[in-house]
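*Asks:* Take this structure, written in structure tokens, and hold onto it; I'll ask about it next.
The values are calculated or read from the model by the stated rules, or taken from the named source; none is laboratory data. Computed from a prediction, not measured in an experiment: that's the story for all the values here. All Cβ positions, glycine included, derive from the backbone under ideal geometry; neighbour counts span all protein chains shown.
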DNA sequence: ACGCGCATGTAAGAAGTTACATGATTTC
DNA sequence: GAAATCATGTAACTTCTTACATGCGCGT
């Protein structure tokens, strides 16, 4: 399971399940997400496995917090995962599946709307990542060559998000262009056919 | 579930579970995959739902085939899914998670190896997609403007694969470059420090 | 009094993977 | 005779989502 390894990565500094959820939102949102209802049982299982230990401590406001920390076994497992080479999982893009079958609706205008809606949503997402990158560049000393390894790697994952989102936006534009040309071509064919009929 | 909608898309022409598995490998591999052990029970459930009907027919070679076809309800469900706008799911990239925590290994050379291994695997993948695109361009009449809608849309999904893989490869190169510069910088810092010590 | 943020979880189910079981026919 | 391809599935398990349950303390 990758989620447990990601949790191991974050737990190099002790944290509660609730903390980890916020950390997810803040830092790895663009390539991973997890619900609290998945995080809590996973932490429990990892403790049973011997990768984590936990202590209960009172909270400043609200109920007691269960704070987890990695054990040496957990640390070893993290290193094993990292040293195992890149793990490329199966990628699934539901919107590509939709486009793939879009001819069933038999209306190129709907496809065009679909692509425009997709482009808009991807553009919003890219703007979010750009804002995060600007924030890093502003705050990090010695950007980009003198960053500490940790920040360098984290920034690199953000760069991949920006590269791929730009590529997808370019693809949206390319596809929208081609759709427009196709539709223009058909309109003129229809007109010509109409003119022939009338003559 | 998206899998059932993808099956509905393919089942505009009747097919068996086994056929569908091969169709997946041939045509949507680059953005979706499914095992037979997932396809079979899903087809059964879809039939119970009223989206599909099935008939058993003898096979030319091997056991009887259960051939499915969409019902009007299934067709309506497909159209509902397609008309619902692009569904962007959560994307998960385990290799980005690995990179994000790679500083735990405390060795930039390992990160460099990791990025090079990733680049090589993505390059192989892109070459595969390029071969498929070349095949389409070779065989399809009137490429690219006069393609029928179905082929146009299918080709568009392939284009997205090519765009994003190129972007990821560019990102790999960018990151590898930056890592090299960082390592060179540190080596010279170490040398200078050594020289000072010796003096 | 009410809602929000903090903090913990459980339960049920959907989605997906891996391993196994079975048996025919065809190709080497 | 062995291996590959055709063809159907089940079982056990992992992973992830959605909905629900509980309760404290703070601000308005």
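*Asks:* Can you name every residue in segment B:16-58 that is away from every other protein chain (no Cβ under 13 Å), buried (at least 20 other Cβ atoms within 10 Å of the Cβ) and away from DNA strand C (no atom under 13 Å from the Cβ)?
*Replies:* B:20, B:52
Here is a yes/no grid of residues against (1) modelled with pLDDT under 95; (2) surrounded by 15 or more Cβ atoms within 10 Å (Cβ to Cβ); (3) away from chain A (no Cβ under 14 Å); (4) more than 16 Å from DNA strand C (Cβ to nearest atom):
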| residue | (1), (2), (3), (4) |
| --- | --- |
| B:97 | no, yes, no, yes |
| B:138 | yes, no, yes, yes |
| B:145 | yes, no, no, yes |
| B:152 | no, yes, no, yes |
| B:157 | no, yes, no, yes |
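*Asks:* May I pose another question? Within segment B:83-95, can you find the residues that are over 16 Å from residue B:31 (Cβ atoms) and at the interface with chain A (Cβ under 7 Å from one of its Cβ atoms)?
*Replies:* Across segment B:83-95, the qualifying residues are B:83, B:85, B:94, B:95.
*Asks:* Tell me the residue from A:77, A:25 that is more than 30 Å from residue A:178 (Cα to Cα), within 14 Å of DNA strand D (Cβ to nearest atom) and either touching a strand residue (DSSP E or B) at 6+ places or on another chain (Cβ under 8 Å) or in contact (Cβ under 8 Å) with a residue 40 or more places away in the chain (or both), please.
*Replies:* Unique residue meeting the criteria: A:77.
*Asks:* Taking only pairs six or more apart or across chains, which ones have beta-carbon atoms under 7 Å, a first residue in segment B:49-67 that is over 14 Å from residue B:19 (Cα atoms) and modelled with pLDDT under 90, and a second residue that is near DNA strand C (Cβ under 10 Å from one of its atoms) and not in a strand (DSSP E or B)?
*Replies:* Within 7 Å, the pairs are B:58/B:64.
*Asks:* State the number of residues belonging to segment B:59-72 that are touching a strand residue (DSSP E or B) at 6+ places or on another chain (Cβ under 9 Å) and away from chain A (no Cβ under 14 Å).
*Replies:* Total satisfying the criteria: 8.
*Asks:* Another question, if that's okay. Checking residue A:78 against (1) at positive phi; (2) within 12 Å of chain B (Cβ to nearest Cβ), which test does it fail?
*Replies:* (1)
*Asks:* Report whether or not residue A:90 is within 19 Å of residue A:12 (Cα to Cα) and either in contact with a strand residue (DSSP E or B) (Cβ under 8 Å, 6 or more places away or on another chain) or within 16 Å of DNA strand C (Cβ to nearest atom) (or both).
*Replies:* For residue A:90, the condition - within 19 Å of residue A:12 (Cα to Cα) and either in contact with a strand residue (DSSP E or B) (Cβ under 8 Å, 6 or more places away or on another chain) or within 16 Å of DNA strand C (Cβ to nearest atom) (or both) - is not met.
*Asks:* Can you go through B:175, B:164 and tell me which one is within 20 Å of residue A:87 (Cβ to Cβ) and without any contact (Cβ under 8 Å) to a residue 40 or more places away in the chain?
*Replies:* B:164
*Asks:* For the subset of segment B:99-127 comprising residues that are surrounded by fewer than 22 Cβ atoms within 10 Å (Cβ to Cβ) and outside any helix (DSSP H, G or I), which member is farthest from the other protein chains (Cβ to nearest Cβ)?
*Replies:* B:107
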